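Read-outs throughout are calculated quantities, based only on the coordinates presented, and are distinct from any laboratory measurement. This is a predicted model, so every value here is computed, not measured. No Cβ is skipped: glycine too gets one built from the backbone with ideal geometry, and neighbour counts run over all protein chains shown.
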Amino acid sequence: MPTTTDTLAAAKPAEVPDSLPYLKYPTLPAFNILETDSSTFFNTYDIPKGRPTALLFFDPDCGHCKATIRMITQNIDSVDNIDFYIFTARHDMQMIRDFAKKFKLAKYKNIKVIGMDEEFFFFSYYKVKFVPDIALYDDNKHFLKLFEGSVPLKELYDLTHKK
């Protein structure tokens, strides 16, 4: 005889890739990022077309996130065609400022925004399981790939240099 748990598990359909929001709606979504000044909101709707975009979701305490930022900044010339928007969701703004200062993120012309997704939009829209997560979009704001965890720099380069 099935238990209540068996019935609930059977009633809940498995998540299929086509049901993921970023695959159903492959255009870059609009959501707010609170910038490090704690008063300015940047809406991703305002990201201009014309250059690939990387939405990088991170945790300031995460070793993999630090390694990813270090890899990107040390090889910035390889990805200087990509605009990066770097943000987290669950830390206080001072931690984010300290992270940005430690990695000198303000000095890179293609790191456009650093801040916080206070509404947890990215987390739910992309079904984040690991950090860092990078949602990569082409120069027309169309979805290319979601990187979960480690991000191979060569793949970022290859995906954004296709013609």
For this session: Using a cut-off of 12 Å between beta-carbons, work out the net charge of the residues near GLY50 (Lys and Arg +1, Asp and Glu -1, GLY50 not included).
Result: 0
For this session: Apply 1/(1 + (r/R0)^6) to the Cβ-Cβ distance of SER19 and ASP139, taking R0 = 25 Å, and write down the FRET efficiency to the nearest 0.05.
Result: 0.40
Problem set entry | Estimated [θ] at 222 nm from DSSP helical runs (n ≥ 4, -39500 (n - 2.57)) normalised by residues in the chain, nearest 500 | -7500 deg cm²/dmol
Seminar exercise, completed: For the chain, the Cα gyration tensor yields equivalent-ellipsoid semi-axes (√(5λ), largest first, whole Å) of 29, 19, 16
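Kindly state, to the nearest 0.05, the FRET efficiency for LEU159 paired with ASN43, given R0 = 25 Å and r defined as their beta-carbon distance. Mind showing how you got there, number by number?
Working: r = 25 Å, r/R0 = 0.99.
For LEU159 and ASN43, the calculated efficiency is 0.50.
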For this session: Subtracting the Cα-Cα distance from 0.36 nm times the residue separation, let me have the gained length for GLU118 to LYS104 in nm, one decimal.
Result: 2.7 nm
For this session: Among LEU156, SER124, PHE41, pick out the residue whose Cα is farthest towards the positive end of the charge dipole of the stretch 32-160, where Lys and Arg carry +1 and Asp and Glu carry -1 on C-beta, about the Cα centre.
Result: LEU156
Problem set entry | Protection-proxy order for peptides 114-122, 139-147, each taking the mean of Cβ atoms within 10 Å per residue, highest first | 114-122, 139-147
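Please compute the net charge surrounding HIS91, taking Lys and Arg as +1 and Asp and Glu as -1 over other residues with Cβ under 13 Å from its Cβ. Let's see the in-between values first.
Numbers: positive: ARG90, ARG97; negative: ASP59, ASP61, ASP92, ASP98, ASP117, GLU118.
Net charge in that neighbourhood comes out at -4.
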Exercise. Within a Cβ distance under 9 Å of ILE33, other residues only, what is the Lys/Arg minus Asp/Glu net charge?
Worked result: -3
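Filter the DSSP H helices in the chain by two things, a Kyte-Doolittle mean of at least 0.0 and an axial alpha-carbon span of 20 angstrom or more, and list the hits by number.
On the way: long enough: none.
Span-like helices here: none at all.
Test of understanding: what is the full-extension gain from GLN94 to ASP80, defined as 0.36 nm times their sequence separation minus their Cα-Cα distance? Don't skip to the answer; put the middle values down first.
Details: separation 14, 0.36 × 14 = 5.04 nm, distance 2.72 nm.
Length gained between GLN94 and ASP80: 2.3 nm.
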Exercise. Taking the Cα centre of the stretch 32-160 as origin and charging only Cβ (+1 Lys, Arg; -1 Asp, Glu), how large is the dipole, in debye to the nearest 20?
Worked result: 320
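What is the fewest-to-most order of THR88, THR68 by other Cβ atoms lying within 10 Å of their Cβ?
Values: THR88 26, THR68 23.
Ordered by Cβ neighbours within 10 Å, fewest first: THR68, THR88.
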